[in-house]
Structures are given as structure tokens and as C-alpha cells.
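Below is one structure, written out as C-alpha cells; comments come after it.
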Amino acid sequence: HTHPPQNQPPVAMSNQEGRDVFSYLKKQNDGQTFASKSWRKFKQDPLIPIFFGLTCTALFGGLRAMGRGDKVASNRFMRMRVVMQTGCLFALAYAGVKGRLIVDRDGKRPGVDRNNTTATKMPPGIPPPPPGA
């Protein structure tokens with residue numbers, strides 16, 4: 001029985017494409033941390049995390065009521081969960097239509113040049129002007 005060598009650096013877990021699985025927790029290339037990027041995205045689309053939180057609250061409230069044996073409250077919570085889930089799906093669809101969730105394999109939005117300063121000043125969902133315009 002052999003033991004692994006001591007003082008070896010940890011091996012990064014990688015997915016099928018060879019990317020570090022936990023790279024989203026590290027500093028992003030543009031200097032953003034996971035928390036700052038999450039806050040920026042929350043400000044862009046606040047309905048998505050709000051509906052998600054309400055869905056989870058309704059789900060756990062319904063499970064708790066079910067555990068207590070309160071069938072009326074459990075059904076009420078589960079109906080509310082379905083409504084909140086529907087709201088979350090509509091918020092996701094709205095964000096997708098505006099182009100915020102559409103990204104290519106590299107995690108970039110199609111048609112947006114990150115080096116173009118006008119592209120970052122454009123409102124979300126509106127494509128940047130054509131080059132030379």
C-alpha cells in the first residue's frame with residue numbers, strides 16, 4: 001500500500017474540455033470576483049433570483065407543513081411554489097430574449113467585442129454598432 005507524496009500541490013479538477021471546474025469562484029479575467037459578478041447580474045435581472053428565492057421558500061415551507069401533517073398549508077405552499085416557478089421561468093425567458101443569457105462556448109455574448117469601449121456602454125440586449133460606424 002503506497003501513500004501519495006507529501007507537499008504536492010492540489011490537482012485542479014477539470015471538466016471534459018479541460019477547464020478548471022471551480023474557475024468561476026476565482027477572479028475573472030476582467031478583474032471581477034464571483035460575488036461582484038453575481039451582484040452585477042442581480043442588478044441587471046433582479047426578478048430571476050427573487051423568484052428563485054420565493055420558489056425555494058415555498059418549497060421548503062410546503063415540505064415543512066407536510067412533515068407537520070398540515071395538508072391545507074402544504075397544498076397552499078405547493079400551489080404558491082408552482083406560481084413562483086412560473087414567474088422564474090418567465091423572468092429567465094425575458095432575460096434570454098434580451099440576450100443576457102445567450103453565450104457561446106467561451107462564455108462570450110455573440111456580436112459583442114469586449115475590447116470595444118462602446119459595447120460595454122450599450123444597454124443590455126442592444127447589439128453594439130457595426131464596426132466603422
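What net charge is computed for the residues neighbouring residue 61, neighbours being all others with C-beta under 12 Å from the C-beta of residue 61, Lys and Arg scored +1, Asp and Glu -1? Present the calculation step by step, with values, prior to reporting the outcome.
Details: positive: 64, 68, 76, 79, 81; negative: 70.
Here the count lands on +4.
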Exercise. Sorted by accessible area (1.4 Å probe), largest first, how do 97, 72 line up?
Worked result: 97, 72
Seminar exercise, completed: If each K or R counts +1 and each D or E counts -1, the residues other than residue 52 whose Cβ falls under 15 Å of its Cβ total +1
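Note down the net charge around residue 78, summing +1 for each Lys or Arg and -1 for each Asp or Glu among other residues with Cβ under 13 Å from its Cβ. The partial results should precede the final answer.
Numbers: positive: 64, 71, 76, 79, 81; negative: 70.
Charge balance near residue 78 sits at +4.
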Problem set entry | Pair residue 83, residue 37: separation of 7 Å Cα→Cβ label points (nm) | 3.5 nm
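The values are calculated or read from the model by the stated rules, or taken from the named source; none is laboratory data. Bear in mind that the values here come from a model prediction, so they are computed numbers and not experimental data. Positions of Cβ are generated from backbone atoms using ideal geometry, with glycine treated the same way; all protein chains shown enter the neighbour counts. With ligands, DNA and RNA removed, areas are computed over all heavy atoms of the protein, side chains included. Shrake-Rupley method; radii C 1.70, N 1.55, O 1.52, S 1.80 Å.
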